[in-house]
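These notes are about the structure you will find just below.
The values are calculated or read from the model by the stated rules, or taken from the named source; none is laboratory data. Everything numeric in this text was worked out from a predicted model, so none of it was measured. Don't worry about glycine lacking a Cβ; one is built from the backbone with ideal geometry, like all the others, and counts go over all protein chains shown.
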C-alpha cells in the first residue's frame with residue numbers, strides 16, 4: 001500500500017484515506033510526498 005507524508009503537518013497518510021482528492025485529510029494541504037518502500041532491492045550487475 002502506498003504511503004504519503006504531508007509536507008505541512010507531517011502526518012503519514014495512506015492511499016485509502018486520500019482517495020481521489022489528493023489532499024491531506026488532516027490539514028487539507030495539497031502537497032504530499034510519496035514515501036520510499038522499506039524493502040531494499042538488490043540487483044546483480046552483469
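List of remarks:
- Test: residue in region 19-31 that is on the phi > 0 side of the Ramachandran plot and in contact with a strand residue (DSSP E or B) (Cβ under 8 Å, 6 or more places away or on another chain): yes
- Count of region 16-26 residues, restricted to those that are loosely packed, with under 12 Cβ neighbours inside 10 Å and touching a residue at least 12 places away in the same chain (Cβ under 8 Å), is 1.
Rundown of residues vs (1) modelled with pLDDT under 90; (2) touching a helix residue (DSSP H, G or I) at 6+ places or on another chain (Cβ under 8 Å), yes/no style:
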{"residue": "2", "(1), (2)": "yes, yes"}
{"residue": "5", "(1), (2)": "no, no"}
{"residue": "9", "(1), (2)": "no, no"}
{"residue": "16", "(1), (2)": "yes, no"}
{"residue": "26", "(1), (2)": "no, no"}
{"residue": "37", "(1), (2)": "yes, no"}
{"residue": "46", "(1), (2)": "yes, no"}
